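We did not get these values from a lab; they are worked out from the coordinates using the rules stated. Given the structure is predicted, the values throughout are model-derived calculations rather than measurements. Glycine also receives a Cβ, built like all others from the backbone with ideal geometry; neighbour counts cover every protein chain displayed.
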Amino acid sequence: MLLEAFHLPARVDPGGDLLLLSDQDRDAWDWRLIAVSLAALTEASQGDDLIPYHL
């Protein structure tokens with residue numbers, strides 16, 4: 001969910017229409033949240049157990 005939240009501020013144009021990821025202003029992305037998301041993903045992938053939530 002964090003990996004989806006980082007670009008919420010850039011997902012719509014001034015008129016409220018959704019923008020494709022390729023059309024979003026990357027300066028509006030939350031780069032701190034991207035780092036936190038990737039760290040959480042790395043931590044979750046450690047260990048030998050694989051549960052449905054991982055997938």
Note to self: Can you tell me how many residues within segment 35-55 are part of a loop (DSSP other than H, G, I, E, B) and of a type in the set (D, E)?
What the structure shows: 2
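I need a count of the residues in segment 1-23 that are under 20 Å from A44 (Cβ atoms) and surrounded by 13 or more Cβ atoms within 10 Å (Cβ to Cβ).
To start, the set of residues in segment 1-23 that are under 20 Å from A44 (Cβ atoms) comprises 1-6.
Then keep just the ones that are surrounded by 13 or more Cβ atoms within 10 Å (Cβ to Cβ); that gives 2-3, 5-6.
Selection size over segment 1-23: 4.
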Notebook entry, point to check: How do the pairs read when you match residues in segment 27-55 that are basic (K, R) with residues anywhere that are surrounded by 10 or more Cβ atoms within 10 Å (Cβ to Cβ), using Cβ under 9 Å and keeping only pairs 6 or more apart or on different chains?
Noted result: R32/F6
Item checked: Members of segment 24-54 that are surrounded by fewer than 10 Cβ atoms within 10 Å (Cβ to Cβ) and either touching a strand residue (DSSP E or B) at 6+ places or on another chain (Cβ under 6 Å) or of a type in the set (D, E) (or both) -> D27, E43, D48, D49
